[in-house]
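Here the structure is laid out as structure tokens; the discussion comes afterwards.
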Amino acid sequence: MAIDVIIGIVIGIGIIILVMVLGAIALDLNYRRKPGNQLEFRPGTWAITQHEGDHLDIQGDVELFNATEGLEIMIPDVNANATLLSKASVSDISCQIEVIPAHEDAPARPDGYWFPYIIKARHSTHIKLNVALTGPNLDRLQTLWLRLNYLTYGPGGRIPKTGHIVFPLQYPDADTPANWLTKDNAEVFPVKTHLLTHLDDPVEVIRRYVMPHAKNGDIVTIGETPLAIIQGRLRDPATVKPGWLARRLCYWFLPTSSLATACGLQTLIDQVGTPRVFFAFLGGVGLRLLGQRGGFYQLAGEQARLIDDVTGTLPPYDQFIVLGPDDPQAVVQRIQQETGLSAAIVDVNDLKAVKVLAATPDLPHTFLETALRSNPAGNADEQTPVVLIRPRNS
């Protein structure tokens, strides 16, 4: 009888432990399915509203969208700070930023105090920002880089986040005579533009800067990184949380690779998934043992080659991880339809490597590779994201 009691107790304890383990697993799986404080930052529209001598006013409207289902997120605090970019000193220029809540159901306080606000599931709110720049010779300013710091409070805890807005303050004269360079099979013209941002459209950029110099039969190419910037495909490294795999595999890449940092590699994992990156690594090692290099990049997908880590592009985007562009083929087709120019999206570097990501059907890749081999757009801060190509026989 005693043995039966002991067995019953052991079985009962085992059942309790099993229930507790299964309950813990269920809670963890439920937690992992939840997005937490999934608040999307949308940089919105921006414009210069006043420019008089030593005073410049810039206004913008940003949106915070609660992308979660059935969960509310609170915004207890919002503030902003800015960086001015120029090729001259900006120490004599003052910058004042006013942050104004623009909630539909709650007016802003006249004293400027930001009161905690609840954003319901699948709803959004807006924030207006007024930036006042004061100082001599404001025309020297090239770019305003604004950071909106907002605190989220919700299921994921108390999480600070930052939204970034880059606003150009200088625009080159599109009518400046073209400086054509002679290449093996074409004349090429690296086209200088303003610093491209989320406010731009690739077709409108071409209309503004390229069409004054183009003629029938010309070809226009856009760098893959500038196009990705226009599409907003940027990751702030502060928002990237490297996992177990990224922290360990990043040491196996060359120091010059954008995947040689935990954040750079985690960005790729976030795009294509952990299993693909893991098995691409194993496959790449196997191919390397057979004498074939570059196997990882082939197996991991196009984004593996296109991600630019911090320092990979010009300021202020050198502070971000830039992904490859989204659907470049659709972009070149739209350019041709709306401008009449043949077009391509390309990735070119100073090592004479040319990769054509997308091109209109009338363009042979070999022609583009020959014309762009010397990288006429440059890899520094030339700010020439577009290249106009004129074939020799046109």
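The values are calculated or read from the model by the stated rules, or taken from the named source; none is laboratory data. If you're wondering where the values come from, they're calculated on a predicted model, not measured in any experiment. Here Cβ is always computed from backbone atoms with ideal geometry, including for glycine, and neighbour counts include all displayed protein chains.
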Task: Sole residue being assigned by TED's automatic domain parsing to the domain that holds LEU151 and at pLDDT below 95, chosen from ASP111, ASP57 - done: ASP111
Open item on the list: Quick check on my filter: what residues within region 53-97 are under 24 Å from HIS194 (Cβ atoms) and of a type in the set (A, V, I, L, M, F, W, C)?
Closed with: LEU56, ILE58, VAL62, ALA80, ALA82, LEU84, LEU85, ALA88, VAL90, ILE93, CYS95, ILE97
TODO: Being in a loop (DSSP other than H, G, I, E, B) and farther than 30 Å from GLU369 by Cα narrows it down to one of GLU98, GLU104, so name that one.
DONE: GLU104
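Here is a check on your reading of the model: is GLU204 assigned by TED's automatic domain parsing to the domain that holds PHE367, surrounded by fewer than 16 Cβ atoms within 10 Å (Cβ to Cβ) and not in a loop (DSSP other than H, G, I, E, B)?
Judged against the criteria, GLU204 is a match.
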TODO: Report whether or not ASP327 is of a type in the set (Asp, Glu) and in contact with a helix residue (DSSP H, G or I) (Cβ under 9 Å, 6 or more places away or on another chain).
DONE: no
Open item on the list: For region 24-53, give me each residue that is aromatic (Phe, Trp, Tyr) and modelled with pLDDT under 80.
Closed with: TYR31
- [ ] Consider only pairs whose beta carbons are under 7 Å apart and that are at least six residues apart or on different chains; among these, list those whose first residue lies in region 91-107 and is more than 15 Å from LEU144 (Cα to Cα) and whose second residue is hydroxyl-bearing (Ser, Thr, Tyr).
- [x] PRO101/TYR117; HIS103/TYR117; HIS103/THR125; ALA106/TYR117
TODO: Six or more apart or on different chains, Cβ under 6 Å: which pairs go from a residue in region 180-204 that's over 25 Å from LEU144 (Cβ atoms) to one that's among the hydroxyl-bearing types (Ser, Thr, Tyr) and part of a helix (DSSP H, G or I)? Could you list them?
DONE: ASP184/THR370; ASN185/THR370
Task: Criterion violated by ALA174 - all others in (1) surrounded by fewer than 21 Cβ atoms within 10 Å (Cβ to Cβ); (2) assigned to a strand (DSSP E or B); (3) of a type in the set (Gly, Ala, Ser) satisfied - done: (2)
TODO: Take the residues in region 138-151 that are out of contact with any Asp or Glu (no Cβ under 8 Å at 6 or more places or on another chain) and more than 17 Å from ALA238 (Cα to Cα), then tell me which one is surrounded by the most Cβ atoms within 10 Å (Cβ to Cβ).
DONE: LEU144
Open item on the list: Can you go through VAL62, VAL78 and tell me which one is assigned to a strand (DSSP E or B), farther than 20 Å from PRO168 by Cα and within 23 Å of the chain's Cα centre (by Cα)?
Closed with: VAL78
Open item on the list: Going through THR267, THR274 one at a time, which residue ends up being buried (at least 16 other Cβ atoms within 10 Å of the Cβ) and farther than 21 Å from ASP350 by Cβ?
Closed with: THR267
Open item on the list: Between a residue in region 73-89 that is farther than 30 Å from ILE118 by Cα and without any contact (Cβ under 8 Å) to a residue 24 or more places away in the chain and any residue that is buried (at least 18 other Cβ atoms within 10 Å of the Cβ) and among the aromatic types (Phe, Trp, Tyr), which pairs come within a Cβ distance under 6 Å, given they are 6 or more apart or on different chains?
Closed with: none
